[in-house]
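J.: Take a look at this one; I'll ask things after.
The values are calculated or read from the model by the stated rules, or taken from the named source; none is laboratory data. The structure displayed is predicted, hence computed values, not measured ones. So basically every Cβ, Gly included, is an ideal-geometry build from the backbone, and we count neighbours across all protein chains shown. Just the protein is used for accessible areas: all its heavy atoms, side chains included, with ligands, DNA and RNA removed. Shrake-Rupley method; radii C 1.70, N 1.55, O 1.52, S 1.80 Å.
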Amino acid sequence: MTIPSSEGATPVMAQWFALKKEQPDALLFFRMGDFFELFFTDAEAAANALDIALTARGTHAEQPIPMCGVPVGTASTYLSRLIKKGFKVAVAEQVESPANRPKGQKGPLARAIVRLITPGTLTEDELLNATQANYILSIIPQAKSKTPHLGIAWIDISTGIFETTSIVQPQLQDLLARVNPSEILAPKDFVLEKHETIKTSLSHLHSFKTAQQELATLFNVNSFNALGDFTQEETIASYELVYYIQKTQSGRIPQLSRPQLQNYQSILAIDPATRSSLEILQNKEGQQDFTLFSSVDHTITAPGARLLAHWLSSPSTKIEQIRAKQEGWIYLQQNTPLLLELRNTLKGSPDLSRSLGRLSLGRGQPRDLSSIRNGLRIARDLAIVLKKIEQETGRSCRLIQTIHQRLLFGDTVLQKLTESLEENPPLKIEEGMMIKEGYDKELDSYRRLRDHSHQIIIALQKKYQEKYNINTLKIKHSNQLGYIIEVTNSNSSKLRDHPDVILRQGTANLSRFTTVELNELSEKILEASMLAAEREKSLFYTLIEHVLQDEQIPILANAMAIIDVLQSCATLYASHHWCVPTLTNDTNFKLKECRHPVVEAAIRHQTTFTPNSCDLSDDKRVMLLTGPNMAGKSTFLRQVALSVILAQSGLPVPAAQADIGIVDHLFSRVGASDDLAHGRSTFMVEMTEAASILHQAGPKSLVVIDEIGRGTSTLDGLAIAWAMLESLHNTIQCRTIFATHFHELVKSTQHLHCLKPFTMKVQEWKNKIIFQYEVIPGAAEHSWGIHVAELAGVPQQTLKRAQYLLDMLENQRNSEQITLPLPHTELENTKQKAVSKEHELLRNMLKKIDPNELTPKQSLNILYELKKIIDK
Ligand code: ADP
């Protein structure tokens with residue numbers, strides 16, 4: 001159904017219609033008591049997505065109103081499910097309380113949308129993945145240009161990270177795969193090909209001038225360009241993001257770091273297909289296990305894990321940056337006991353950045369403040385350990401020194417929070433008891449009055465019990481009546497006739513009374529509690545302001561994340577025989593005894609991984625790798641590509657030695673699969689990817705390709721693979737590993753002088769093959785496909801038939817003629833045997849003849865002989 005017109009709506013429903021009009025694209029969570037209710041199409045969509053009951057509430061235009069609801073207390077789990085399914089949710093709260101409503105005013109309490117929750121604007125831990133950044137990204141194309149540049153900006157509002165870059169259209173998919181935003185803002189008419197991320201259309205763009213002015217005000221600078229040399233489009237993209245965030249957060253802007261301008265050239269280009277084939281941060285199922293990330297992650301904190309993911313997803317092409325990171329962890333691993341101490345100190349470290357994010361959006365709770373305090377304490381302890389390392393090793397490291405200085409930031413804030421905040425504050429502000437006794441005289445005096453009054457109440461209860469001779473008399477507090485005397489009905493007669501006592505309420509079992517004395521006391525207590533609560537809240541908000549004003553705390557939080565990643569690298573280096581790669585600006589490429597970190601970990605319990613070396617330097621820059629299926633070809637290809645990513649991310653490499661000339665663009669095509677979602681067959685996917693490599697690769701690229709030309713006929717496939725190999729070798733001249741099952745390629749590419757053939761070593765034993773997983777010079781003699789089929793459990797009968805057909809095809813191929821085998825029937829089997837025998841005889845006879853040596857008579861005789869063979 002569609003949403004009907006609001007005409008004739010009840011007052012509450014009229015409010016709903018008005019709010020829905022403000023956010024027509026979002027599901028409206030409409031607060032009613034302890035529930036968020038949804039109506040009409042929202043209710044239908046949410047009930048379906050959440051698998052909850054769809055009911056009805058009253059009628060509108062004589063039709064029942066579909067409704068479903070979720071309890072306020074557990075709303076976040078439902079929200080998280082809806083957001084994951086791509087919905088946006090507008091939360092409408094009651095913004096008026098019955099207590100402060102003008103007397104005599106009728107109608108429902110006022111409600112307003114207090115927040116628009118979209119996938120890119122989340123801040124709650126329950127809605128976010130602790131180890132993944134959550135970006136919202138905006139794209140602004142250059143106006144009136146045929147090949148427009150795109151200005152891109154992205155922000156993680158949960159941590160304040162803010163970055164921008166400029167690219168050309170063909171680089172967009174690479175960038176989106178790297179940043180992996182959960183929401184994209186783009187002009188209405190901007191077409192986003194092949195992207196599942198939720199897109200929010202911008203119907204009206206702000207002008208460059210407005211964007212510049214607003215951003216300058218936000219960052220408190222004279223001109224936005226004081227922060228970097230931003231293009232017009234980057235500036236507008238940045239402001240559109242800020243504007244959208246402000247709109248979704250009811251006017252608030254989170255604390256954002258100053259925008260960092262990213263130079264596209266300084267990051268290793270990795271296209272989406274390569275990223276997914278290498279399973280860097282996510283495996284094929286979209287999970288984090290069995291990924292490059294999981295195999296190298298020894299971080300202890302969530303911000304550390306997020307930063308490591310950031311390093312791995314954007315490896316650098318700048319040697320100085322990579323070396324600085326390397327120096328950091330090489331320095332930390334020198335002293336194992338102190339490295340351990342560093343790790344232990346990091347344990348229990350809170351997520352400072354996300355707490356800061358929530359505080360800056362006015363969504364912070366007492367535990368966010370205590371996180372800041374605890375984090376600052378841990379930062380100091382980390383600084384002490386770093387000092388110890390410097391003292392014990394007698395060495396220093398530039399990066400570590402900078403981190404050390406930053407860990408000491410935020411001194412006054414730490415002091416303030418230590419003095420003021422309870423060690424273990426409650427979850428919610430409303431619970432009170434966040435501020436320490438002794439911190440604020442005014443609060444202490446209200447609290448004393450409040451608590452002292454409690455004692456007076458207890459004394460009064462005792463007094464009344466004796467005075468009226470009722471042992472069971474109680475003084476209780478009720479929200480409606482305040483403090484009251486409560487007795488059972490059997491005792492109520494003792495009070496009813498008493499002049500000092502006033503009856504307030506009677507129920508089936510109980511009677512409630514009050515006295516003037518109790519009333520006065522009640523008011524005093526209430527006032528003291530209220531004043532205490534108000535004072536405490538105001539102190540709490542002042543503390544938040546204090547924290548937010550200190551611009552150094554986000555820098556300190558970042559320093560903690562860096563130290564966590566560096567210790568993770570040091571731990572990895574120390575524990576698993578990893579090496580420090582040497583990076584150069586040439587096209588050198590040598591890996592000695594390299595391993596695949598994920599496969600090595602996966603097979604650890606059954607067998608050991610066989611390391612392999614690889615030299616792609618200059619005159620050996622193209623490696624042609626043949627070998628049977630399951631022999632370890634794709635593992636080898638991937639481990640070489642992963643080593644580049646690790647090395648250029650500043651991490652150790654799983655090898656005995658690694659000398660890598662910086663790679664500017666990495667292409668990996670290993671294990672292509674159908675892309676049925678976009679209507680492309682395996683072959684089409686393969687060819688699209690081949691095209692993109694041939695168009696984009698350059699002399700500093702690394703290309704690893706597996707099995708090009710599988711999905712078409714043998715000759716087609718062979719021809720394509722051959723031509724592609726020549727292009728890579730002769731024209732592009734990049735470092736390449738080309739794995740193929742076309743053995744013929746080895747012979748036909750002998751003239752390519754920088755190409756070296758290699759094969760996977762296999763051993764034959766009793767007609768079986770044993771994989772050695774070793775890459776050796778040379779070419780494979782067989783493809784062993786039938787043996788692999790046997791290993792996979794293909795039935796013997798089929799295997800025998802395949803072997804027979806293979807022999808026949810090989811014979812035919814030797815006679816330079818390929819024909820398709822006949823269908824598989826017994827009769828045809830026999831026929832075929834005969835044909836093949838006849839063929840063999842003819843072949844043998846013809847082989848012996850040299851036509852130049854024959855007399856006409858001899859020729860005629862031979863012709864008779866040949867005729868005889870076929871007439872048999
Ligand atoms: P191919 O690409 O040649 O079909 P794979 O690379 O997929 O072969 O390897 C098949 C399996 O062999 C892997 O899943 C792994 O279990 C094992 N394997 C591959 N390389 C090695 C190695 N170097 N050492 C030990 N086992 C390996």
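J.: Per 0.36 nm of contour for each residue apart, how much would the distance between residue 791 and residue 56 grow if the chain were fully extended, relative to their Cα-Cα spacing?
T.: Gain in length upon complete extension: 258.6 nm.
J.: To continue, here is another question. Rounded to the nearest 500 deg cm²/dmol, what is the calculated helix-only ellipticity per residue at 222 nm for the chain, with -39500 (n - 2.57) per DSSP H run of length n ≥ 4? Could the numbers behind the result be given before it?
T.: Values: 28 runs with 385 residues, N = 872.
Helix contribution divided over all residues of the chain: -14000 deg cm²/dmol.
J.: I would also like to ask the following. Percent antiparallel among DSSP beta bridges with both residues in region 582-783, to the nearest 5?
T.: That works out to approximately 40 percent antiparallel.
J.: What is the Cα centroid distance between region 165-192 and region 682-711, reported in whole angstrom?
T.: Going from one Cα centre to the other spans 23 Å.
J.: Using packing as a proxy for protection, rank 458-464, 846-852, 624-630 so that the peptide with the highest average count of other Cβ atoms within 10 Å comes first.
T.: 624-630, 458-464, 846-852
J.: While we're on this one: Ignoring ligands, DNA and RNA, what percent of the accessible area of the chain is carbon or sulfur (1.4 Å)?
T.: On the way: 22700 of 43480 Å².
After summing per-atom areas, the C and S share lands at 52 percent.
J.: Would you mind working out the magnitude of the charge dipole of region 441-529 relative to its Cα centre, with +1 at each Lys and Arg C-beta and -1 at each Asp and Glu C-beta, to the nearest 20 Debye?
T.: The dipole magnitude comes to about 240 debye.
J.: Might you tell me the accessible area per residue for the chain, computed with a 1.4 Å probe and given in Å²?
T.: Details: 43480 Å² over 872 residues.
I get 50 Å² per residue for the chain.
J.: Select from region 233-300 those GluC sites (Glu not before Pro) which occupy a DSSP coil region and have at most 16 other Cβ atoms within 10 Å, ordered by residue number.
T.: Listed in order of number, the matching sites are 285.
J.: Mind giving me the nanometre distance, one decimal, between the label points for residue 617 and residue 246, set 7 Å out from Cα along Cα→Cβ?
T.: Here the modelled spin labels are 5.7 nm apart.
J.: With an 8 Å Cα cut-off and a minimum separation of 6 or more residues, compute the relative contact order for region 11-117 in percent.
T.: Result for region 11-117 is 29 percent.
J.: In nanometres, what is the gap between the two model label sites at residue 319 and residue 289, each 7 Å from Cα along Cα-to-Cβ?
T.: Here the answer is 4.2 nm between the modelled labels.
J.: OK, next. Order these peptides, 326-339, 657-670, by their mean beta-carbon neighbour count within 10 angstrom, highest first.
T.: Details: 326-339: 18.9, 657-670: 22.1.
Highest-to-lowest ranking by the protection proxy: 657-670, 326-339.
J.: If you put +1 on each Lys and Arg Cβ and -1 on each Asp and Glu Cβ, how big is the dipole of region 582-783 around its Cα centre, in Debye rounded to 20?
T.: Computed charge dipole of region 582-783: roughly 420 debye.
J.: What are the ³J(HN,Hα) values, in whole Hz, obtained from phi via the Karplus relation 6.51 cos²θ - 1.76 cosθ + 1.60 with θ = phi - 60°, for each residue of region 560-568 in sequence order, with x given for Gly and Pro?
T.: In residue order, the calculated couplings are 5, 5, 5, 5, 5, 5, 5, 5, 5 Hz.
J.: Follow-up. Points 7 angstrom from Cα along the Cβ direction at residue 508 and residue 868: gap in nanometres?
T.: The two pseudo-label positions are separated by 11.9 nm.
J.: Moving to a separate point now. Take the alpha-carbon centre of region 467-495, take the same for region 228-271, and report the distance between them in whole Å.
T.: Going from one Cα centre to the other spans 64 Å.
J.: Restricting to lysines 8 or more places apart or on different chains, can you count the pairs in region 441-529 with Cα atoms under 23 Å from each other?
T.: Count of close lysine pairs: 15.
J.: Report, in debye and to the nearest 20, how large the dipole of the chain comes out about its Cα centre when Lys and Arg carry +1 and Asp and Glu carry -1 on their Cβ.
T.: Numbers: 93 positive and 96 negative charges, 144 e Å.
Magnitude of the dipole: close to 680 debye.
J.: If I take R0 = 35 Å and measure r between the Cβ atoms of residue 85 and residue 263 in this structure, what FRET efficiency does the formula 1/(1 + (r/R0)^6) give, to the nearest 0.05? Spell out each step's value before the answer.
T.: Working: r = 37 Å, r/R0 = 1.05.
With R0 = 35 Å, the Cβ-Cβ based efficiency is 0.45.
J.: With an 8 Å cut-off on Cα pairs and a minimum separation of 6 or more residues, tell me the relative contact order of region 653-793 in percent. Present the calculation step by step, with values, prior to reporting the outcome.
T.: Details: 166 pairs, mean separation 24.3, N = 141.
Normalised by residue count, the contact order of region 653-793 is 17 percent.
J.: Output ³J(HN,Hα) for region 328-344: one whole-Hz value per residue in order, computed from phi by the Karplus curve 6.51 cos²θ - 1.76 cosθ + 1.60 with θ = phi - 60°, and x for Gly and Pro.
T.: x, 7, 5, 5, 5, 7, 5, 10, 4, x, 6, 5, 5, 5, 4, 4, 5
J.: Let me ask something else about it. Got a sec? Charge dipole of the chain, +1 on Cβ for Lys and Arg, -1 for Asp and Glu; which of 132, 164, 260 is way out at the positive end?
T.: After comparing all options, I get 132.
J.: Related question: Please give the net charge around residue 591, taking every other residue with its beta carbon less than 13 angstrom from that of residue 591, where Lys and Arg add +1 and Asp and Glu add -1. Don't jump to the answer; show the numbers that get you there.
T.: Numbers: positive: 590, 592, 595, 620, 638, 735; negative: 593, 615, 659.
Around residue 591, the surrounding residues sum to +3.
J.: To continue, here is another question. Estimate the FRET efficiency between residue 524 and residue 101 by the formula 1/(1 + (r/R0)^6), using the beta-carbon distance for r and 25 Å for R0, to the nearest 0.05.
T.: Working: r = 25 Å, r/R0 = 1.02.
Efficiency, from the Cβ-Cβ distance: 0.45.
J.: Distance between the C-alpha centers of region 25-76 and region 554-578? Whole Å please.
T.: 47 Å
J.: Tell me, what is the percent relative contact order of the chain, built from C-alpha pairs under 8 Å that lie six or more residues apart?
T.: Details: 1408 pairs, mean separation 76.7, N = 872.
It comes to 9 percent, rounded to a whole number.
J.: So for the chain: antiparallel DSSP bridges make up what percent, rounded to the nearest 5?
T.: Percentage antiparallel, nearest 5: 60.
J.: In nm, what is the difference between 0.36 nm times the number of residues separating residue 347 and residue 229 and their Cα-Cα distance?
T.: Length gained, residue 347 through residue 229: 38.5 nm.
J.: Viscosity 0.890 mPa s, temperature 25 °C: Stokes-Einstein D of region 478-628 from its Kirkwood Cα radius, in µm² per second?
T.: Values: Rh = 24.9 Å.
Translational D for this selection: 98 µm²/s.
J.: Can you flag which of 146/209; 592/620; 88/199; 284/756; 85/428 are past 21 Å Cα-Cα?
T.: Correct reply: 146/209; 284/756; 85/428.
J.: A further question on this structure: Using a 1.4 angstrom probe with every protein chain in place, what is the largest-first accessible-area order of 580, 70?
T.: In descending accessible area the options line up as 580, 70.
J.: How much of the pair distance distribution for the chain lies past 54 Å, counting alpha-carbon pairs only, in percent?
T.: 34 percent
J.: So for 354, 323, 31, what's the accessible-area order with a 1.4 Å probe, most first?
T.: 323, 31, 354
J.: Quick check: the angle from helix 682-696's long axis to the longest principal axis of the chain, C-alpha only, nearest 10 degrees?
T.: 90 degrees
J.: Students often check this: by mean Cβ neighbours within 10 Å, which of 312-319, 390-397 ranks highest, and how do the rest follow?
T.: 312-319, 390-397
J.: Also, I was wondering about something else. Gain in length, residue 34 to residue 436, computed as 0.36 nm per residue apart minus the alpha-carbon separation, to one decimal in nm? Each step should come with its number before you reach the end.
T.: On the way: separation 402, 0.36 × 402 = 144.72 nm, distance 3.18 nm.
Length difference between fully extended and current span is 141.5 nm.
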